[in-house]
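Data block below; observations after.
The values are calculated or read from the model by the stated rules, or taken from the named source; none is laboratory data. Since this is a predicted model, take the numbers as computed values, not measurements. We place every Cβ from the backbone using ideal geometry, glycine too, and count neighbours over all the protein chains shown. Heads up: the accessible areas ignore ligands, DNA and RNA and are worked out on the full protein's heavy atoms, side chains in. Shrake-Rupley method; radii C 1.70, N 1.55, O 1.52, S 1.80 Å.
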Amino acid sequence: MAISSVSVAPAGGNDAGLSGGERTTGRSVLLIEDSLAQAAAYSAYLKRAGYAVEHAPDGEHAIAVLDDRPPDIVLLDLILPGIQGIDVLRHMRNRGSTQPVIVMTERASVDIAVSAMKEGADDFVAKPFGADRISVTVENALRERDLGDVVQIYPENYERKSFHGFVGASGVMQSAYRLIESAAKSTATIFITGESGTGKELCAAAVHSESKRANRPFIAINCAAIPTSLMESEIFGHVKGAFTGAVCDRHGAAMQADGGTLFFDEICDMDTDLQAKLLRFVQTGFLRPVGSSEEIKVDVRFICATNRDPLDEVKNGRFREDLYYRLHVVPVELPPLRDRNEDIAAVARHLLLSISAQEGKAFKTFSPEAENILRGYAWPGNVRQLENIIRSVVVLNDGDVVTPAMLPAQVKRSSAGLVAESSPEVEDGADEQSVRSLREIEKESIENAIDACHGNVPKAAALLGVSPSTLYRKRQAWSRD
Amino acid sequence: MIDPFSAVLSTPEADRSDAFGTAPLDGWLDKAALERLADDTAIDLMPQLVDIFVSELRGQAAMIEAAAKAVDLSSLARESHVMKSSAGTFGLPRATRLAEQLNAASKANDADEALVVAARLLATIDPSIQALLQTYGLEGQIEAHGAAHGGT
């Protein structure tokens, strides 16, 4: 039987020589892949999803195409004959090319892919993969780049001092405000990262408020605060008799959020079995309450957040890679308070006025010395820690100006330490032997707080200005040491 | 000392699969993977895709054979790297698994293990190709392959 010679066109050839798709996105993909068989399959996947595909079988051809007719997005195999994939990526970034680059790698080479992301790749996908995976990844990367372009066209000088509960006019917060605003207008899933206390839930609520779903429910669920055994029912609900204690039908968070936004805080703490069920819900929009045989269609926009590095969680097998790809569409990273030092005084004054009003006190401002101390502290618990300290100051003192004497010794000491660190003068009486590691100090503070609260971890967490999951995680890590 | 690679290769062609373990012809294919590929592309594209894949697989097998004879671990690593992804996509589970093992042994500079695995991998290629071509009605390619290799 004669086989027609269907080949994947080398550089310069378009469309990989394979027929397939009917719809078109108007977007072009450069597929850099030395295996013709894999290139043929991937081209067919992408063409079917509506992309125009050009194939380059090696690094030299790829660079020629990139310089001659830049595509909208690049799919890059890292291991190529001759010029390596990583060098193609460097060539692009050195020339200022901003097209998204998705690295295609072996499952066992995720480390290499992560290194490529540090060199400027936008995402990676592990081989072998199917059409669904690559289409979602390409679509996400293009959508994220489009949002980035929208953010760029906002006037640089359009500065805001506050935004949906956030306070601060620093450059990093201006970028965050613009990103939230742009992302909210799309229907894309938002993945928020940031240390504890940086305002991840505030950010999720801001996205909801700026979106077309603003007049529909915003439902938040903390994956670290609810026991694993109850989590499925919390999210998907249950029917009467599903388990002991299920005395009536109950709607879960997902159904409560129908038409609105469903926010999963601490998503990386979710049990892996439940991650599989969540993936199915994210993919299909259908859920099945615990104990029910019926599937229910629910329309929600997903937002999730974590204070961990989600890629690290994927790499270590704690977070499903396929769920990561479904959820990690528009990443928003919230800066820690220490990285926006110029905002500390404004945030502190805002909190002081608000808390004073709540507590019926007369505090109006901070003395310049007190502000300096606040600015000199590292705020490991971020805004939540600052808020708790100000509440403690307001409750325990009277007056209209907060002075250094009213601030906790811990803040004054650490703040002074930071000043001394940057000063050539060494404080009298201080010596290197007396310096303790931050880890040691943190551990002692946490254990003291838990003792003071008679073992009540959530209460200790509230006093420390962090979430309970942070304390559980840290204690677990110490027990492994 | 017996060279394990030559020992397996000197086995008559028809018996090479015994070195790996006998299996019915359709046992060489992961039909679910092939159905997924057809769903993801188009069923009428499959013969063309399989044709491209088989040509490439034969070339890779020839290069692996040459690299094994020369005990060239770096070429073995390179060729097995490409083969493991392609074979996974095109539903050849045994070739995929052995290509992975060959890749790992070559990268670990374990020449003895690499040569044994290379021989076992090469023994899976012909039956895998045969099963694949038969599935898509491309038996003419089997004859062409047999002729090119002096056929047994």
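Within the range B:84-103, track down each residue that is at the interface with chain A (Cβ under 10 Å from one of its Cβ atoms) and either surrounded by fewer than 23 Cβ atoms within 10 Å (Cβ to Cβ) or in a helix (DSSP H, G or I) (or both).
Residues satisfying the conditions are B:Lys84, B:Ser85, B:Ser86, B:Ala87, B:Gly88, B:Thr89, B:Thr96, B:Glu100, B:Asn103.
A:Ala214 - would you say it is open to solvent by 10 Å² or more (accessible area, probe 1.4 Å), touching a strand residue (DSSP E or B) at 6+ places or on another chain (Cβ under 8 Å) and of a type in the set (Gly, Ala, Ser)?
Working: open to solvent by 10 Å² or more (accessible area, probe 1.4 Å): yes; touching a strand residue (DSSP E or B) at 6+ places or on another chain (Cβ under 8 Å): no; of a type in the set (Gly, Ala, Ser): yes.
Judged against the criteria, A:Ala214 is not a match.
One residue is enough: does the range A:60-70 have a residue meeting the conditions modelled with pLDDT under 95, within 29 Å of the chain's Cα centre (by Cα) and open to solvent by 40 Å² or more (accessible area, probe 1.4 Å)?
For the range A:60-70, residues modelled with pLDDT under 95, within 29 Å of the chain's Cα centre (by Cα) and open to solvent by 40 Å² or more (accessible area, probe 1.4 Å): absent.
For the range A:72-92, state whether one or more residues are assigned to a helix (DSSP H, G or I) and free of Cβ contacts under 8 Å to residues at least 12 places away in the same chain.
No, the range A:72-92 contains no residue that is assigned to a helix (DSSP H, G or I) and free of Cβ contacts under 8 Å to residues at least 12 places away in the same chain.
Is it the case that A:Leu323 is closer than 17 Å to A:Thr193 by Cα and open to solvent by less than 10 Å² (accessible area, probe 1.4 Å)? Give the derivation first.
On the way: closer than 17 Å to A:Thr193 by Cα: yes; open to solvent by less than 10 Å² (accessible area, probe 1.4 Å): yes.
It is true that A:Leu323 is closer than 17 Å to A:Thr193 by Cα and open to solvent by less than 10 Å² (accessible area, probe 1.4 Å).
Just to check your reading of the model, which residue among A:Ala44, A:Ala39, A:Ala56 is modelled with pLDDT of 50 or more, closer than 14 Å to A:Val74 by Cα and within 9 Å of chain B (Cβ to nearest Cβ)?
Numbers: A:Ala44 fails: closer than 14 Å to A:Val74 by Cα; A:Ala56 fails: within 9 Å of chain B (Cβ to nearest Cβ).
So the residue among A:Ala44, A:Ala39, A:Ala56 that is modelled with pLDDT of 50 or more, closer than 14 Å to A:Val74 by Cα and within 9 Å of chain B (Cβ to nearest Cβ) is A:Ala39.
May I ask you to verify whether A:Glu387 is open to solvent by less than 40 Å² (accessible area, probe 1.4 Å), acidic (Asp, Glu) and within 27 Å of the chain's Cα centre (by Cα)? Before you say what the answer is, go through the steps one by one.
Values: open to solvent by less than 40 Å² (accessible area, probe 1.4 Å): no; acidic (Asp, Glu): yes; within 27 Å of the chain's Cα centre (by Cα): yes.
Judged against the criteria, A:Glu387 is not a match.
Take the residues in the range A:25-44 that are open to solvent by less than 10 Å² (accessible area, probe 1.4 Å) and assigned to a helix (DSSP H, G or I); name whichever of them is farthest from A:Asp122 (Cα to Cα).
Taking the range A:25-44 as the starting set, the residues that turn out to be open to solvent by less than 10 Å² (accessible area, probe 1.4 Å) are A:29-33, A:35, A:37-44.
Keeping just the survivors that are assigned to a helix (DSSP H, G or I) gives A:37-44.
Values: A:Ala37: 25, A:Gln38: 21, A:Ala39: 20, A:Ala40: 23, A:Ala41: 22, A:Tyr42: 19, A:Ser43: 20, A:Ala44: 23 Å.
Taking the candidates together, the pick is A:Ala37.
In the range A:45-59, which residues are open to solvent by less than 30 Å² (accessible area, probe 1.4 Å) and part of a loop (DSSP other than H, G, I, E, B)? Don't jump to the end; show me each part of the working.
Within the range A:45-59, the first condition is being open to solvent by less than 30 Å² (accessible area, probe 1.4 Å), and the residues that meet it are A:45-46, A:49-51, A:53-57, A:59.
Correct list: A:Ala49, A:Gly50, A:Tyr51, A:Pro57.
Considering each of A:Ala348, A:Ala362 in turn, give the residue that is modelled with pLDDT of 90 or more, of a type in the set (Gly, Ala, Ser) and not in a loop (DSSP other than H, G, I, E, B).
Numbers: A:Ala362 fails: not in a loop (DSSP other than H, G, I, E, B).
Only one candidate passes the filter, namely A:Ala348.
Table: residues versus (1) of a type in the set (A, V, I, L, M); (2) farther than 26 Å from A:Val330 by Cβ; (3) within 14 Å of another protein chain (Cβ to nearest Cβ); (4) surrounded by 16 or more Cβ atoms within 10 Å (Cβ to Cβ).
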| site | (1), (2), (3), (4) |
| --- | --- |
| A:Pro81 | no, yes, yes, no |
| A:Thr98 | no, no, no, no |
| A:Asp123 | no, no, no, yes |
| A:Phe129 | no, no, yes, yes |
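Of these, A:Ala141, A:Ala205, A:Ala246, which one is part of a helix (DSSP H, G or I) and in contact with a Ser or Thr (Cβ under 9 Å, 6 or more places away or on another chain)? Spell out how you get there, then give the answer.
On the way: A:Ala141 fails: in contact with a Ser or Thr (Cβ under 9 Å, 6 or more places away or on another chain); A:Ala246 fails: part of a helix (DSSP H, G or I).
Within the list A:Ala141, A:Ala205, A:Ala246, the selection yields A:Ala205.
Identify all residues within the range A:283-308 that are open to solvent by 30 Å² or more (accessible area, probe 1.4 Å) and either in contact with a Cys (Cβ under 9 Å, 6 or more places away or on another chain) or within 30 Å of A:Glu195 (Cβ to Cβ) (or both); write none if there are none.
A:Asn307, A:Arg308
Within the range A:327-339, can you find the residues that are surrounded by fewer than 20 Cβ atoms within 10 Å (Cβ to Cβ) and not in a loop (DSSP other than H, G, I, E, B)?
A:Pro331, A:Glu333, A:Arg338, A:Asp339
If A:Val103 satisfies every condition in (1) facing chain B (nearest Cβ under 10 Å); (2) touching a strand residue (DSSP E or B) at 6+ places or on another chain (Cβ under 6 Å); (3) of a type in the set (Val, Ile, Thr) but one, which is the exception?
Status for A:Val103: all satisfied but (1).
Can you report the number of residues in the range B:27-83 which are among the acidic types (Asp, Glu), free of Cβ contacts under 8 Å to residues at least 24 places away in the same chain and within 14 Å of chain A (Cβ to nearest Cβ)?
Result for the range B:27-83: 5.
Could you please give the count of residues in the range B:104-136 that are within 14 Å of chain A (Cβ to nearest Cβ) and either hydroxyl-bearing (Ser, Thr, Tyr) or free of Cβ contacts under 8 Å to residues at least 12 places away in the same chain (or both)?
Number of matching residues: 6.
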